[in-house]
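Below is one structure, written out as structure tokens, with a few remarks after it.
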């Protein structure tokens, strides 16, 4: 798995972000049964930048905790079989499945960890797991989808021993 990590802004989270992200992405991809080596881009940014991106790409004029930009449109969540016929979903140089981009607000990680009474590590890992599920076709628009996604997020973090 290739994780392309970038960080902007002066605030730094009190944890090894790149290493933890790599661990959570790997665990989430194993959990959903991704049969390919994959590639994910991760940007840690400021509230100001994620606010602008949220407005630009989603038409929502406020900051958010995380944005996910999947590069693949799945027929069904976590179903990878159709990709064998989709050469444009793979990096021609590495052969890796290009899953997409994750953008996380560092300020939101700290604020939400405090609000929910858990560590910044747990909040950061949760947001990564949440996004990887989005990058593999899962969503939480409907109530049933939300419950499925919440269970998967919880199980991924439990497997890693990252608890509330």
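A few comments on the model shown:
- In the stretch 126-142, residue surrounded by the most Cβ atoms within 10 Å (Cβ to Cβ) [restricted to those that are at pLDDT 95 or above and over 9 Å from the mean Cα position of the chain (by Cα)]: 136
- Scanning the stretch 1-37 for residues that are touching a helix residue (DSSP H, G or I) at 6+ places or on another chain (Cβ under 6 Å) and under 18 Å from residue 98 (Cα atoms) turns up 1, 3, 5, 21, 24, 25, 27, 28, 31.
- Failed condition for residue 100, given (1) surrounded by 16 or more Cβ atoms within 10 Å (Cβ to Cβ); (2) in contact with a strand residue (DSSP E or B) (Cβ under 8 Å, 6 or more places away or on another chain); (3) at pLDDT 95 or above; (4) part of a helix (DSSP H, G or I): (4)
- Selected residue [closer than 26 Å to residue 120 by Cα, in contact with a helix residue (DSSP H, G or I) (Cβ under 9 Å, 6 or more places away or on another chain) and in contact (Cβ under 8 Å) with a residue 40 or more places away in the chain] from 78, 100: 100
- Criterion: surrounded by fewer than 16 Cβ atoms within 10 Å (Cβ to Cβ), assigned to a loop (DSSP other than H, G, I, E, B) and over 11 Å from the mean Cα position of the chain (by Cα) - qualifying residue of 73, 48, 52: 73
- Within the stretch 76-97, the set of residues being part of a loop (DSSP other than H, G, I, E, B) and crowded, with 16+ Cβ neighbours inside 10 Å comprises 77, 80, 96.
- Taken over the stretch 3-25, residues that are without any contact (Cβ under 8 Å) to a residue 12 or more places away in the chain and outside any helix (DSSP H, G or I) amount to 2.
- Residues of the stretch 103-118 classified as assigned to a loop (DSSP other than H, G, I, E, B) and either under 17 Å from the mean Cα position of the chain (by Cα) or surrounded by 17 or more Cβ atoms within 10 Å (Cβ to Cβ) (or both), total: 0
- Evaluating residue 150 against the criteria (1) under 14 Å from the mean Cα position of the chain (by Cα); (2) surrounded by 17 or more Cβ atoms within 10 Å (Cβ to Cβ); (3) part of a helix (DSSP H, G or I) leaves one unmet condition, (2).
The values are calculated or read from the model by the stated rules, or taken from the named source; none is laboratory data. Remember, it's a predicted structure, so these values are computed and weren't measured experimentally. Backbone-built Cβ (ideal geometry, glycine too); neighbour counts: all protein chains shown.
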